[in-house]
Amino acid sequence: MTILVTGGAGYIGSHTCVELLKAGYDVAVVDNFVNSKPEALKRVQDITGKTFKIFNIDLLDEEKLETVFINNNIEAVIHFAGLKAVGESVHLPLKYFHNNITSTVTLCKVMQKYGVKNLVFSSSATVYGTPEKVPIDEDSPMYATNPYGRTKLMIEEMLGDLYKSDNSWSIALLRYFNPIGAHESGLIGEDPNGIPNNLMPYITQVAVGKLKELSVYGSGYPTKDGTGIRDYIHVVDLAKGHLKALEKVAAATGIDAYNIGTGNGYSVLEMVRAFEEASGVNISYKITDPRPGDVAICYADPAKAHHELGWRAEKGIEEMCKDSWRWQFCNPNGYETKNKMELGEN
Ligand code: NAD
Ligand code: WQD
C-alpha cells in the first residue's frame, strides 16, 4: 500500500516524504517541478536511505494521473501540490484558480474512479482572513482576502460537498500556520525562487549575505513591539502532523479541519532576535510601511489537533531558527548548491 504525495518535491512535501519513509510507508510522488527541483527528492532518498517512485506529471493531466493510480496500489493521498504566492495570485487569479482548484477536481475525480477516498489536504490559516480574535480555533469565521486564499477556501468547501455526496470519503483539512525550519541534516529546506516573500527565508538570505537588509513591514500594529505576530511552526513538526492525519483518515470516514500551529505568537522583531541568537549572525533591518493585506496578529488554538489527532508541535523557536540557518548556510544557492556538508566544510 502506497501513499501518493502530490507536490512531494516542495518545501513541506519533501519533509513529509522523509517522515513517511522513516515510518515505513511506501511513497509515490507526483510533481511537475513548477516550484521545486528533483534534487530535493534525491536528498530525501539520501536522508532516508530509501527509494520511491517519482512521477513528473502535472496534476491537471488526468490521463497521466490515472496511470499512477492504475499501476500503484494507492491507499491514500496527501495533496500538497499548488501555487502559493499571495501577491502573484492577485495579479494572476485565473492561473491560481486553474492550477489549484481544477487540479484538485481532477485529483478527486481520479481518486473516486479508482476507489481511493482517503485524503489529507494542505489548507492554510489564510482561510481565516483577518481574524477577529486570537487564538484562532477551527470554528472561527472564514473568508478569503486574496485569490490564493480563495482557492484554499473553495477547495475546502468543494471537499465538504464531495463528502456530503458520498460518506465513504475520509478527509482531513490541515490549516497550516507559518512553517519555517528545515530537516536537521541541512540537506533539505525551503528554496524560494527569486527574492523571498516570507520572513524566515528573507532573514536567512540576509544572514548569508545574499540580501542587504530586512524590511520590517510596519511597526505600528497593536502588538507588544508594534510588529506583526505569527505562529511559526517547525516544518518537521508540520510533516509529522500529516502522519497523524493519515492515521485518522484511515480509521474513520468524515471530513474535519485541524489547525496545525504551536499556539505561540512571535513578532517580527522577536524573530530577528531569536535568529541572531541561534546563528550568531547580526541581521540588518529597517522599518518600512506595512505590507498591504497583512494582519496584525495570527496564531492558532491547536487543541483540536492535539485531542483528535494526538499531534502537537514539539520544536521551539530556537530549533526552528537553528535549522533554517543550517539549511541556508550549507546551501547558499538552495538546491543549486552542492551541499557544503558533503564537501566537509561544516
Ligand atoms: P511548494 O511550492 O514548495 O510545494 C508545492 C509543490 O507543488 C511544488 O513542488 C510544485 O512544483 C508542485 N506543484 C504545483 N502545481 C502543480 C501541479 N499542477 N502539478 C504537479 N505539481 C504541482 O509549497 P509548500 O510550501 O511546500 O506548500 C505545500 C502546500 O501547503 C501548498 O498547497 C501550499 O499552498 C500549502 N501551504 C503552504 C504554506 C507555507 O507557508 N509554505 C502555508 C499554508 C499552506
Ligand atoms: C510574516 C510576518 C510580515 C517578510 C504568508 C501567506 C499565508 C501563508 C504563509 C500559505 C508578517 C513580516 C515578512 C518581510 C516582514 N502561506 N515580514 N518582512 O504573511 O503570515 O503568511 O505565508 O498559505 O497565506 O500570506 O507570512 O512570512 O510573509 O510574514 O516584516 O520581508 O513577517 O509583515 O508580519 P504571512 P510571512
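The values are calculated or read from the model by the stated rules, or taken from the named source; none is laboratory data. Everything quoted here is computed from the prediction, not taken from an experiment. Neighbour counts run over all protein chains shown; Cβ positions are idealised from the backbone, glycine included.
Here residue 233 passes the criteria (1) closer than 30 Å to residue 5 by Cα; (2) within 11 Å of ligand 2 (Cβ to nearest atom); (3) surrounded by fewer than 22 Cβ atoms within 10 Å (Cβ to Cβ) except the one numbered (3).
How about region 7-26: which of its residues are away from ligand 2 (no atom under 16 Å from the Cβ) and either in contact with a helix residue (DSSP H, G or I) (Cβ under 9 Å, 6 or more places away or on another chain) or charged (D, E, K, R) (or both)? Spell out how you get there, then give the answer.
Within region 7-26, the subset away from ligand 2 (no atom under 16 Å from the Cβ) is 8-9, 14, 17-26.
8, 9, 14, 17, 18, 19, 20, 21, 22, 23, 25, 26, listed by residue number.
Checked against (1) more than 24 Å from residue 206 (Cα to Cα); (2) part of a helix (DSSP H, G or I); (3) not hydrophobic (A, V, I, L, M, F, W, C), residue 270 passes all but condition (1). Would you be able to say whether some residue in region 273-286 is buried (at least 20 other Cβ atoms within 10 Å of the Cβ), within 16 Å of ligand 1 (Cβ to nearest atom) and not β-branched (Val, Ile, Thr)? Checked against the condition, which is being buried (at least 20 other Cβ atoms within 10 Å of the Cβ), within 16 Å of ligand 1 (Cβ to nearest atom) and not β-branched (Val, Ile, Thr), region 273-286 yields no hits at all. Considering the conditions (1) away from ligand 2 (no atom under 11 Å from the Cβ); (2) more than 21 Å from residue 235 (Cα to Cα); (3) in a loop (DSSP other than H, G, I, E, B), residue 191 is excluded by exactly one of them, (2). Say whether the condition of being more than 11 Å from ligand 1 (Cβ to nearest atom), under 23 Å from residue 35 (Cβ atoms), over 18 Å from the mean Cα position of the chain (by Cα) and not acidic (Asp, Glu) is met by at least one residue in region 160-175. No, region 160-175 contains no residue that is more than 11 Å from ligand 1 (Cβ to nearest atom), under 23 Å from residue 35 (Cβ atoms), over 18 Å from the mean Cα position of the chain (by Cα) and not acidic (Asp, Glu). Looking across 143, 163, one residue alone is in a helix (DSSP H, G or I), in contact with a Gly (Cβ under 8 Å, 6 or more places away or on another chain) and away from ligand 2 (no atom under 11 Å from the Cβ). It is 163.
Only one entry of 144, 125 meets the criterion of being within 15 Å of ligand 1 (Cβ to nearest atom), of a type in the set (A, V, I, L, M, F, W, C) and buried (at least 21 other Cβ atoms within 10 Å of the Cβ), and that entry is 125. Just one of the numbered conditions (1) within 16 Å of ligand 2 (Cβ to nearest atom); (2) within 18 Å of the chain's Cα centre (by Cα); (3) not acidic (Asp, Glu) is not true of residue 29: (1). Quick check, is residue 219 more than 23 Å from the chain's Cα centre (by Cα) and in a strand (DSSP E or B)? Answer is no for this residue. Against the numbered list (1) within 22 Å of residue 240 (Cβ to Cβ); (2) touching a residue at least 40 places away in the same chain (Cβ under 8 Å); (3) among the hydrophobic types (A, V, I, L, M, F, W, C), residue 65 comes up short only at (1).
Residues that are within 30 Å of residue 162 (Cα to Cα), touching a helix residue (DSSP H, G or I) at 6+ places or on another chain (Cβ under 6 Å), basic (Lys, Arg) and in contact (Cβ under 8 Å) with a residue 60 or more places away in the chain occur in region 230-242; there is at least one. Of the listed requirements (1) charged (D, E, K, R); (2) farther than 16 Å from residue 171 by Cβ; (3) within 11 Å of ligand 2 (Cβ to nearest atom), residue 152 misses just one: (2).
Considering 34, 5, the condition of being under 22 Å from residue 118 (Cα atoms) and hydrophobic (A, V, I, L, M, F, W, C) is satisfied by 5 alone. Mind checking whether some residue in region 328-335 is within 14 Å of ligand 2 (Cβ to nearest atom), surrounded by 16 or more Cβ atoms within 10 Å (Cβ to Cβ) and in a helix (DSSP H, G or I)? Within region 328-335 (the criterion being within 14 Å of ligand 2 (Cβ to nearest atom), surrounded by 16 or more Cβ atoms within 10 Å (Cβ to Cβ) and in a helix (DSSP H, G or I)), the answer is no, since none of the residues qualifies. Contact map, region 43-55: residues that are basic (Lys, Arg) paired with residues that are in a loop (DSSP other than H, G, I, E, B) and at pLDDT 95 or above, Cβ distance under 9 Å, separation 6+ or inter-chain. Pairs shown: 43/183; 43/185; 43/187; 43/188; 53/72. Of all residues being under 19 Å from residue 143 (Cα atoms) and in a strand (DSSP E or B) in region 277-308, which is farthest from ligand 2 (Cβ to nearest atom)? Just the residue, please. The extreme case among them is 300.
Screening residue 219 on (1) farther than 14 Å from residue 265 by Cα; (2) touching a helix residue (DSSP H, G or I) at 6+ places or on another chain (Cβ under 7 Å); (3) near ligand 2 (Cβ under 10 Å from one of its atoms) shows it passes everything except condition (2).
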